[in-house]
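**Student:** One structure follows; several queries about it will come next.
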Amino acid sequence: MSSRTSPRPTGVHAVAGDELLVERRVAEIRGVITGGGAGTEEVLAGERLEPETLEIACRTLPLLGRRLVVVRHADRLSDTCLEVLEGALDRVPENVAVILVAPSLDRRRRLYAELERRGSFEALVLEGGGRKGGIPMGEILERLLTERGLRMESDARQRLLEHVGADGARLDAEVEKLSLIFGDQSVTAQGVAAAVGGERARVAFALEGALREHRFGRAVLELRRAAAAGDAPELLLAQIAGEVRALLRARALLDEGLSEPEARRAFGSGRGWFAVPAARHYRRADLEALLLTLARVDAGAKVGLGDAVAEIEAALVDLGRAVYSHAASSASRR
């Protein structure tokens with residue numbers, strides 16, 4: 001990884017590489033520049049960016065504090081846009097930062113070669129899959145485990161790393177899934193084998209997708225299929241609870257008055273792109289009630305009380321009734 005000249009890049013800066021590392025670096029820069037309401041942010045799409053729009057974005061002064069301009073898919077910028085950026089290298093206002101983001105950027109191009117010469121080009125790649133010289137996947141795994149407070153045995157870590165290869169975004173998703181399933185328990189190699197990939201991934205996707213799409217009959221059907229196939233109720237409950245927490249977090253952001261794009265950015269992970277639109281159809285109180293029910297069912301299941309699958313099914317049916325009742329009430333008022 002290239003050295004960073006400043007925790008808050010100024011002028012034009014490029015960040016390229018693995019999605020997980022790039023997004024974390026952009027979030028870090030965003031937190032310093034626009035955190036605490038001290039600045040503003042503008043996001044531009046490189047593949048359809050007009051040179052005039054880019055030039056205005058580079059030169060516009062913030063009304064208050066500092067301003068961040070993030071140009072995504074910078075590898076798809078037109079030659080004319082690259083020329084605009086070359087001309088702006090020494091003319092971007094001091095309190096404005098322009099960050100170019102892409103999976104890879106050709107440093108043979110004049111702009112990126114100049115940024116590298118200035119120490120304003122960050123190459124953030126992971127080592128693995130035959131690739132050398134990047135950040136070791138094991139190091140990234142350690143960071144993710146620490147952030148989520150998840151304990152994992154050494155053989156379990158090795159099995160997880162073998163499973164995801166050099167895909168940082170997938171590693172992040174799998175660690176998030178494991179943290180929802182195992183909580184404060186230590187994850188074993190057998191736990192990793194049971195929880196990631198294969199049929200279990202299909203079940204988790206089906207349950208989460210059904211909740212996002214408000215297809216409660218489908219959610220109940222997938223729940224019954226998984227239970228009949230021998231999936232432990234605690235794992236099914238954890239998968240559902242994880243999606244409900246994501247929906248609740250997205251609903252809270254929307255209730256703060258954020259637009260969908262703003263809420264997706266504030267969510268802070270790829271899951272927000274799916275949870276935020278789906279959360280518009282849920283009420284916060286209904287989601288909170290479901291989480292309380294799932295917590296009660298989980299406690300009973302761990303001591304062998306009650307029929308966990310039947311209680312989860314009933315909770316999903318109740319949520320469906322609440323959603324449809326609210327939708328019908330809203331439609332009648334209109």
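**Student:** With +1 on each Lys and Arg Cβ and -1 on each Asp and Glu Cβ, and nothing else charged, work out how big the dipole of the chain is about its Cα centre, in Debye to the nearest 20.
**Tutor:** Working: 48 positive and 50 negative charges, 84 e Å.
That gives the chain a dipole magnitude of about 400 debye.
**Student:** Over region 278-334, what is the relative contact order in percent, taking alpha-carbon pairs closer than 8 angstrom and at least six residues apart?
**Tutor:** Values: 22 pairs, mean separation 22.6, N = 57.
Relative contact order, region 278-334: 40 percent.
**Student:** Which of the helices in the chain, when you take each full DSSP H run, stretch at least 15 Å along the axis at their Cα atoms and have an average Kyte-Doolittle score of 0.5 or higher? Can you show the working numbers first?
**Tutor:** Numbers: long enough: 19-34 (21 Å, 0.37); 137-148 (17 Å, -0.23); 154-164 (16 Å, -0.90); 168-182 (21 Å, 0.43); 198-212 (22 Å, 0.03); 216-228 (18 Å, 0.34); 233-255 (32 Å, 0.64); 284-302 (27 Å, 0.41); 308-333 (38 Å, 0.44).
What comes out of the filter, once short or polar helices are dropped, is 233-255.
**Student:** Give the relative contact order (percent, whole number) for region 198-328; include only Cα pairs under 8 Å separated by 6+ residues.
**Tutor:** Reported relative contact order: 28 percent.
**Student:** Between rounded, prolate and oblate, where does region 24-132 land on the alpha carbon gyration tensor, with a ≥ b ≥ c its root eigenvalues, rounded for a/c under 1.5, else prolate if a/b exceeds b/c?
**Tutor:** Oblate.
**Student:** Same structure again: What ranking, highest mean first, results for peptides 298-305, 222-229 when packing means the other Cβ atoms within 10 Å averaged over each residue?
**Tutor:** The most tightly packed comes first, giving 222-229, 298-305.
**Student:** Mind running the shape call on region 245-334? Use the C-alpha gyration tensor, a ≥ b ≥ c as the square roots of the eigenvalues: rounded below 1.5 for a/c, prolate if a/b tops b/c, oblate otherwise.
**Tutor:** Note, shape of region 245-334 comes out oblate.
**Student:** What is the order of Arg264, Arg30, Arg76, fewest Cβ neighbours within 10 Å to most? All intermediate terms of the calculation are to be shown ahead of the outcome.
**Tutor:** Working: Arg264 21, Arg30 17, Arg76 14.
Fewest-to-most ranking of Arg264, Arg30, Arg76: Arg76, Arg30, Arg264.
**Student:** Restricting attention to region 62-106, which GluC sites (Glu not before Pro) occupy a DSSP loop and are surrounded by at most 10 other Cβ atoms within 10 Å?
**Tutor:** Glu94
**Student:** 222 nm [θ] for the chain, helices only, -39500 (n - 2.57) per DSSP H run of 4+, per residue, to 500?
**Tutor:** Details: 15 runs with 200 residues, N = 334.
Only helices count here, giving -19000 deg cm²/dmol.
**Student:** Can you list the residues, at least 5 places off or on another chain, whose amide H is less than 5 Å from the amide H of Gly11, using H built in the peptide plane?
**Tutor:** Val96, Val98
**Student:** For every other residue with a beta carbon closer than 14 angstrom to the beta carbon of Asp298, add +1 if it is Lys or Arg and -1 if Asp or Glu, then tell me the sum.
**Tutor:** For residues surrounding Asp298, the net value is -1.
**Student:** While we're on this one: When a footprinting reagent is the concern and you count Cβ atoms within 10 Å, what order do Ile135, Ile29 take, fewest first? If you can, show how the numbers build up before the last one.
**Tutor:** Working: Ile135 18, Ile29 22.
Ascending Cβ contact count within 10 Å gives the list Ile135, Ile29.
**Student:** So what is the relative contact order for the chain, in percent, with contacts set as C-alpha pairs under 8 Å and at least six apart?
**Tutor:** It rounds to 14 percent for the chain.
**Student:** Can I ask one more? For the chain, set up a Gaussian network in which alpha carbons nearer than 10 Å are linked by springs, and say which option among Val297, Val71, Val32 fluctuates the most.
**Tutor:** Maximum among the listed residues: Val32.
**Student:** Something else: Taking the Cβ-Cβ separation of Ala228 and Thr53 as r and a Förster radius of 51 Å, what is the calculated FRET efficiency to the nearest 0.05? Before the final figure, lay out each step's value.
**Tutor:** Numbers: r = 55 Å, r/R0 = 1.08.
Calculated transfer efficiency: 0.40.
**Student:** Under the classification rounded if a/c is under 1.5, otherwise prolate if a/b is larger than b/c and oblate if not, where does the chain fall, given a ≥ b ≥ c as square roots of the Cα gyration tensor eigenvalues?
**Tutor:** oblate
Each value in this text was obtained by applying a stated rule to the coordinates, not by laboratory testing. Worth saying up front: this structure is predicted, and the values here are computed from it rather than measured. So basically every Cβ, Gly included, is an ideal-geometry build from the backbone, and we count neighbours across all protein chains shown.
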